[in-house]
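We did not get these values from a lab; they are worked out from the coordinates using the rules stated. Here the structure is a predicted model, which is why all the values come from computation and not from measurement. Here the Cβ is made from the backbone with ideal geometry for all residues, glycine too, and neighbour counts use every protein chain on show.
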Amino acid sequence: MPLTPVIGRFAPSPTGELHFGSLVAALGSALSAWSQGGTWRIRVEDIDPPREVAGSAARILADLSRFGLQADGPVLYQSTRLEAHHAAVDRLLQEGKAFHCGCTRADLPDNGVYPGTCRDGIPAGRKARTVRARVDAPPVGFVDRVHGACEQRLTEQCGDFVIRRADGLPAYQLAVVVDDAFQDVTEVVRGADLLDSTARQVHLQHLLDLPTPDYMHLPLVVDADGRKLSKQDADDPVATLSPLAALGAAMRVLGQPVPSQNDLSGFLDLACRQWDPGRVPAIANVTPSD
Ligand code: GLU
């Protein structure tokens with residue numbers, strides 16, 4: 001057993017139904033934490049009202065329970081944490097690690113990399129819209145349990161990036177870092193679509209003097225044509241299969257043996273005991289219909 005208690009989390013955005021890709025992330029993060037004797041938390045990332053779908057958070061939580069995936073402890077709603085998010089942005093501004101920016105999306109070059117226009121002050125005639133965190137030239141490195149040593153140069157990937165949006169809401173990158181630290185998360189296990197965001201998050205951890213958790217990015221679920229499964233997919237196993245069959249399909253995506261138990265708690269118990277992070281592939285070599 002590790003010396004520090006392991007705390008993992010699943011952090012769904014309530015922007016639609018629980019789909020198979022999110023079931024894989026939920027299952028992988030839960031099994032990883034539980035298999036190390038750790039705690040598994042759920043955080044509903046409801047800080048983007050324009051994208052929120054009414055009733056989605058409750059349905060996602062109900063679906064997770066249907067799969068036997070219940071958090072240890074109460075669910076944290078990120079909307080209750082706005083003050084802490086804003087305090088973090090204000091601190092970065094005060095320390096000169098972030099700056100007000102007056103640019104719109106249309107002001108950015110085609111590659112989307114911020115050219116530094118407002119780094120030293122907003123040009124005359126423009127007013128502050130967003131707040132951006134400063135990035136610097138050295139690459140940001142982190143180790144991912146599936147993808148190994150990763151390195152990203154933020155100056156080339158995105159440049160100084162938004163941490164408070166033009167509508168005044170904290171950006172995902174900021175909120176996720178502040179709340180992972182608040183919840184004492186020691187490992188972030190989630191879909192590989194967020195691998196690209198990780199360096200920005202590690203950079204913010206450095207700027208805010210917060211610990212960097214371990215990272216593990218799980219394979220994305222693709223359909224038979226290799227496309228990422230979307231929330232709208234009609235043949236999503238979460239909707240079409242029994243909970244045990246859908247969990248079995250998720251286990252295959254995670255490269256794990258599928259327990260033959262035909263009750264949820266027996267299935268999850270064995271899945272947990274057999275969990276082997278070394279078997280999780282970088283790219284899923286099965287589709288949900290296999
Ligand atoms: N809320 C994000 C999503 O649903 C996931 C955040 C994370 O796991 O870091 O895509």
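If you go through the range 172-228 one residue at a time, how many are of a type in the set (A, V, I, L, M), near the ligand (Cβ under 10 Å from one of its atoms) and surrounded by fewer than 19 Cβ atoms within 10 Å (Cβ to Cβ)? Explain how you work it out, then say what you get.
So the first thing to find is which residues in the range 172-228 are of a type in the set (A, V, I, L, M), and the list is 174-178, 181, 185, 188-189, 192, 194-195, 199, 202, 204, 207-208, 210, 216, 218, 220-222, 224.
Right, trim to near the ligand (Cβ under 10 Å from one of its atoms) and you get 175-177, 185, 188-189, 194.
If we keep only those that are surrounded by fewer than 19 Cβ atoms within 10 Å (Cβ to Cβ) too, we end up with 194.
Residues flagged as of a type in the set (A, V, I, L, M), near the ligand (Cβ under 10 Å from one of its atoms) and surrounded by fewer than 19 Cβ atoms within 10 Å (Cβ to Cβ) within the range 172-228 amount to 1.
For I122, only one of the following conditions fails: (1) among the hydrophobic types (A, V, I, L, M, F, W, C); (2) closer than 30 Å to L27 by Cβ; (3) surrounded by 11 or more Cβ atoms within 10 Å (Cβ to Cβ). What is its number?
(2)
With over 21 Å from the mean Cα position of the chain (by Cα) and under 27 Å from A87 (Cβ atoms) as the only criterion, which of R132, R119 stands out?
R119
Taking the range 1-37, which residues are in contact with a Ser or Thr (Cβ under 8 Å, 6 or more places away or on another chain), under 13 Å from M216 (Cβ atoms) and part of a loop (DSSP other than H, G, I, E, B)?
The one that is in contact with a Ser or Thr (Cβ under 8 Å, 6 or more places away or on another chain), under 13 Å from M216 (Cβ atoms) and part of a loop (DSSP other than H, G, I, E, B): V6.
So is L69 of a type in the set (A, V, I, L, M, F, W, C), within 16 Å of the ligand (Cβ to nearest atom) and either under 23 Å from L208 (Cα atoms) or in a helix (DSSP H, G or I) (or both) or not? Full working, then the answer.
On the way: of a type in the set (A, V, I, L, M, F, W, C): yes; within 16 Å of the ligand (Cβ to nearest atom): yes; either under 23 Å from L208 (Cα atoms) or in a helix (DSSP H, G or I) (or both): no.
No; evaluated as a whole, the condition is false for this residue.
Kindly evaluate G55 against the criterion of being over 24 Å from D184 (Cβ atoms), surrounded by fewer than 18 Cβ atoms within 10 Å (Cβ to Cβ) and without any contact (Cβ under 8 Å) to a residue 40 or more places away in the chain.
Yes; evaluated as a whole, the condition is true for this residue.
Please enumerate the residues belonging to the range 162-187 that are touching a helix residue (DSSP H, G or I) at 6+ places or on another chain (Cβ under 9 Å) and either closer than 14 Å to H206 by Cβ or acidic (D, E) (or both).
Passing the criteria: I163, D167, Q173, L174, V177, V178, D179, D180, A181, E187.
Quick one: which of T15, T39 is hydroxyl-bearing (S, T, Y) and away from the ligand (no atom under 14 Å from the Cβ)?
T39
Please find, among A245, A249, A239, the residue that is in contact with a helix residue (DSSP H, G or I) (Cβ under 6 Å, 6 or more places away or on another chain) and not in a loop (DSSP other than H, G, I, E, B).
A249
Please state which of the following conditions L82 fails to meet, knowing it meets all the rest: (1) in a loop (DSSP other than H, G, I, E, B); (2) out of contact with any Phe, Trp or Tyr (no Cβ under 8 Å at 6 or more places or on another chain); (3) closer than 27 Å to V189 by Cβ.
With (1) in a loop (DSSP other than H, G, I, E, B); (2) out of contact with any Phe, Trp or Tyr (no Cβ under 8 Å at 6 or more places or on another chain); (3) closer than 27 Å to V189 by Cβ applied to L82, the lone miss is (1).
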